[in-house]
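As structure tokens, the structure follows; a few thoughts come after it.
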Amino acid sequence: MSLGDITAGMQERVSRNGGIAGKKVVFDFGDDGAVLIDGTVTPAAVSNDGSEADCRIKVSMADFQEIAAGRQNAQMAFMMGKLKVEGDMGIAMQLGKILS
């Protein structure tokens with residue numbers, strides 16, 4: 001799955017489930033790129049901008065795909081160090097509604 005596929009999937013999920021109102025979240029895949037969910041605009045926007053955000057989720061693209069597909073638990077990935085959260089942890093806790 002490419003960054004473009006992930007971005008399109010995120011856009012679909014955000015359109016269906018909404019974003020995190022008033023906040024920006026970046027999924028940072030390192031050298032593979034980033035996906036920004038911008039909840040400061042209506043409707044929430046999704047792009048490949050890896051700029052500043054209220055919450056940054058650092059995860060490999062492979063691990064993200066496993067989490068998004070439901071084959072890996074995000075909390076377990078966090079405890080195993082496969083997923084790192086920078087910034088507002090409260091926002092990270094709300095991401096389940098977007099990823100489901």
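The values are calculated or read from the model by the stated rules, or taken from the named source; none is laboratory data. Not measured: the values here are computed from a predicted model. Note that we place each Cβ from the backbone using ideal geometry, even for glycine, and neighbour counts take in every protein chain shown. Note: accessible area is taken over every heavy atom of the protein model, side chains too, but ligands, DNA and RNA are not part of it. Shrake-Rupley method; radii C 1.70, N 1.55, O 1.52, S 1.80 Å.
Beta bridges assigned by DSSP with both partners in the chain are antiparallel in approximately 75 percent of cases. When only the Cβ of Lys, Arg, Asp and Glu is charged (+1, +1, -1, -1), the dipole of region 1-82 relative to its Cα centre reaches about 300 debye. Projecting the Cα atoms of GLY30, ILE67, SER47 onto the charge dipole of the chain, computed from C-beta unit charges around the Cα centre, puts ILE67 farthest toward the positive end.
Rounded to 0.05, the FRET efficiency of the ASN17 and LYS84 pair, given R0 = 22 Å and the Cβ-Cβ distance, is 0.40. For the pair MET1 and LYS97 in one chain, pulling the backbone fully straight at 0.36 nm per residue adds 32.4 nm over the alpha carbon distance.
The residues of the chain expose, per residue, 54 Å² of accessible area to a 1.4 Å probe. Once the Cα atoms are used to define both axes, helix 3-17 deviates from the longest principal axis of the chain by about 60 degrees. A helix-only calculation puts the chain at -10000 deg cm²/dmol for mean residue ellipticity at 222 nm, using -39500 (n - 2.57) for each DSSP H run of at least four residues, averaged over all residues. When VAL41, VAL59 are compared by accessible area of protein heavy atoms, the largest-first order is VAL41, VAL59, using a 1.4 Å probe.
Tell me which label goes with the value of percent of Cα pairs over 19 Å apart computed from the coordinates here: [x] 54; [y] 33; [z] 50. The listed entry that was calculated here is [y].
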